[in-house]
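Note sheet for the following structure.
Derivation of every value follows stated rules applied to the coordinates shown; laboratory data play no part. Keep in mind that what you see is a predicted model, and the values were worked out from it rather than measured. With ideal geometry, Cβ positions are generated from the backbone for all residues, glycine too; neighbour counts draw on all protein chains shown.
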């Protein structure tokens, strides 16, 4: 995946033990089946890869795991690339 690419959310789940914390830290959450545009991809020191999305913005927060204040990111594995037909349909809609 790359910046500017359109993706679809395939996993908007939250683990039961993290629901309350995520609701506070990441109030604007992804929705299964919704399409998004990647605005940034970041690999963290501990190996996790996250993305920021054009359509969703959250306030920066302090994360103890990385000892930084950053905008919360979504795991890249929560998304898949759009299929060629999905991209074609989007292009046709945008041309109207």
It is to be established whether one or more residues within the stretch 61-69 are in contact (Cβ under 8 Å) with a residue 12 or more places away in the chain, within 23 Å of residue 83 (Cα to Cα) and surrounded by 11 or more Cβ atoms within 10 Å (Cβ to Cβ).
no
State which residue pairs qualify: first residue free of Cβ contacts under 8 Å to residues at least 24 places away in the same chain and at negative phi and inside the stretch 29-41, second residue surrounded by 15 or more Cβ atoms within 10 Å (Cβ to Cβ) and assigned to a strand (DSSP E or B) in any location, beta carbons under 7 Å apart, and separation of 6 or more residues or different chains.
31/9; 32/9
